[in-house]
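Peer 1: Quick one: structure below, then a few questions.
The values are calculated or read from the model by the stated rules, or taken from the named source; none is laboratory data. Here the structure is a predicted model, which means the values were calculated and not measured. Glycine gets a Cβ as well: all are built from the backbone with ideal geometry, and neighbour counts include every protein chain shown. Accessible surface areas use protein heavy atoms only, side chains included; no ligands, DNA or RNA. Shrake-Rupley method; radii C 1.70, N 1.55, O 1.52, S 1.80 Å.
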Amino acid sequence: MPEKSDSRFFSLEYFPPREQAGRERLVGTTKQLLEIDPAYISVTYGAGGSTRSGTTETLLMVKELGHEAVPHIACIGSQPEEIIELLDFYKDKGVRRVVALRGDLPSGMGLSHSPLRYAVDLVRLIKEHSGDWFDISVAAYPEMHPQAGSFNDDIDHFVEKVRAGADAAITQYFYNIDAYWDFVNRVQAKGVDIPIIAGIMPITNYTQLARFSKMCGAEIPRWIAKRLESYGDDIESIRAFGHEVVTKMCDNLRSGGAAGIHFYSLNQAEPVLKIWRELEAK
Ligand code: FAD
């Protein structure tokens, strides 16, 4: 993982496409991304098993095309034996990093009786079963996880994941840089010294962004929301403004010494390539 000062570190995230056309497009995206050589590409995992095979299929494609591929594992709704089987599968494929998450149960799905209730339980299971084979990243919430009782509780639960063996953290996306630095400072004051990679969502579609942000508790600052709203269906202007805002934010994070950037790519190469080329040209 990057040193704390390695602000040029960057990685990307994919979700497993449901349709064949999406899978084919993602092969093209993955080839395009070879140009900027991310540290790794991670692949999300549907809680409750909805996209489990999609995760492994996408992961193997990414690996075959020459990138380091990193699976997400969400534990809620799974039994320890299922997770162990998955860990052994990934180890067998030569995977050395995972992103360990609790996940969210699909609505209407009851919680099965499992000792894996929180991400910290998963981190402990990975350490217990696989020792130090996997480099483990966990999630962090600079604007607080939406279900947390309080900001302080959430921080304490995050610190617990680090003490259980997490090697790095990736934040939920944010557009308030101060929230990121406040989070980093607070957890460092509690002895956390792992890299906290800033999760960045390029802005390409306002309706979709507003919907995601409501679900995951990420705030779109009023000035950004109002500007994006004012463009209506003018996609070109939304993308141009989104690019300007996000590139400036990444530049500020890098110059401020952030531990790195993780792009929520939504399976698109172009927005990330454009941001990265501009940052590297500085
Ligand atoms: P946890 O760390 O377990 O925290 C969840 C909540 O429980 C928090 O409110 C926390 O404060 C609280 N908590 C933690 N421990 C305790 C405890 N001991 N007692 C009481 N409360 C506790 N979801 C997916 O389904 N698949 C993915 O691939 C995926 N990838 C993601 C990648 C990143 C980088 C991020 C930031 C999120 C991702 N998510 C994914 C979403 C994530 O699963 C949800 O946000 C989920 O609600 C919380 O997951 P967590 O790992 O942060 O959970």
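Peer 1: Here's a check for you: in segment 206-218, which residue that is within 16 Å of the ligand (Cβ to nearest atom) and open to solvent by 100 Å² or more (accessible area, probe 1.4 Å) is nearest to the chain's Cα centre (by Cα)? Spell out how you get there, then give the answer.
Peer 2: Of all residues in segment 206-218, those within 16 Å of the ligand (Cβ to nearest atom) come to 209, 211-218.
Going one step further and asking which of them are open to solvent by 100 Å² or more (accessible area, probe 1.4 Å), we end up with 211, 214-215.
Working: 211: 17, 214: 17, 215: 15 Å.
Filtering segment 206-218 for residues that are within 16 Å of the ligand (Cβ to nearest atom) and open to solvent by 100 Å² or more (accessible area, probe 1.4 Å), the one nearest to the chain's Cα centre (by Cα) comes out as 215.
Peer 1: List the pairs whose first member sits in segment 76-90 and is in a helix (DSSP H, G or I), whose second member is loosely packed, with under 15 Cβ neighbours inside 10 Å, and whose Cβ atoms are under 7 Å apart, counting only residues at least 6 apart or on separate chains?
Peer 2: 80/115
Peer 1: Here is a follow-up. Scan segment 148-161 and give yes if some residue there is open to solvent by less than 10 Å² (accessible area, probe 1.4 Å), touching a Ser or Thr at 6+ places or on another chain (Cβ under 9 Å) and within 12 Å of the ligand (Cβ to nearest atom), otherwise no.
Peer 2: No.
Peer 1: Provide a single number: the residues in segment 185-202 that are in contact (Cβ under 8 Å) with a residue 60 or more places away in the chain, under 30 Å from residue 129 (Cα atoms) and either within 14 Å of the chain's Cα centre (by Cα) or open to solvent by less than 10 Å² (accessible area, probe 1.4 Å) (or both). Before the answer, list the steps.
Peer 2: Of segment 185-202, the ones in contact (Cβ under 8 Å) with a residue 60 or more places away in the chain are 193-202.
Checking which are under 30 Å from residue 129 (Cα atoms) leaves us with 193-199.
Retained after the next criterion (residues that are either within 14 Å of the chain's Cα centre (by Cα) or open to solvent by less than 10 Å² (accessible area, probe 1.4 Å) (or both)): 195-199.
Result for segment 185-202: 5.
Peer 1: Out of segment 236-267, which residues are open to solvent by 70 Å² or more (accessible area, probe 1.4 Å) and out of contact with any Pro (no Cβ under 8 Å at 6 or more places or on another chain)? Break it down stepwise before answering.
Peer 2: Filtering segment 236-267 for residues open to solvent by 70 Å² or more (accessible area, probe 1.4 Å) gives 236, 239, 244, 248, 252, 255.
Selection gives 236, 244, 248, 252, 255.
Peer 1: Which condition does residue 120 not pass, out of (1) near the ligand (Cβ under 8 Å from one of its atoms); (2) without any contact (Cβ under 8 Å) to a residue 40 or more places away in the chain; (3) not hydroxyl-bearing (Ser, Thr, Tyr); (4) not in a strand (DSSP E or B), if it passes all the others?
Peer 2: All conditions are met except number (2).
Peer 1: Which fully enclosed helices (runs of 4 or more DSSP H) of segment 167-282 have 3 or more residues being basic (Lys, Arg)?
Peer 2: Those helices (runs of 4 or more DSSP H) span 222-230, 235-255.
Peer 1: If I filter segment 165-173 for residues that are within 13 Å of the ligand (Cβ to nearest atom), surrounded by fewer than 18 Cβ atoms within 10 Å (Cβ to Cβ) and farther than 30 Å from residue 223 by Cα, do I get at least one hit? Write out each step before concluding.
Peer 2: Going through segment 165-173, the residues within 13 Å of the ligand (Cβ to nearest atom) turn out to be 166, 168-173.
With surrounded by fewer than 18 Cβ atoms within 10 Å (Cβ to Cβ) added as a condition, the list becomes none.
No - not one qualifying residue is present in segment 165-173.
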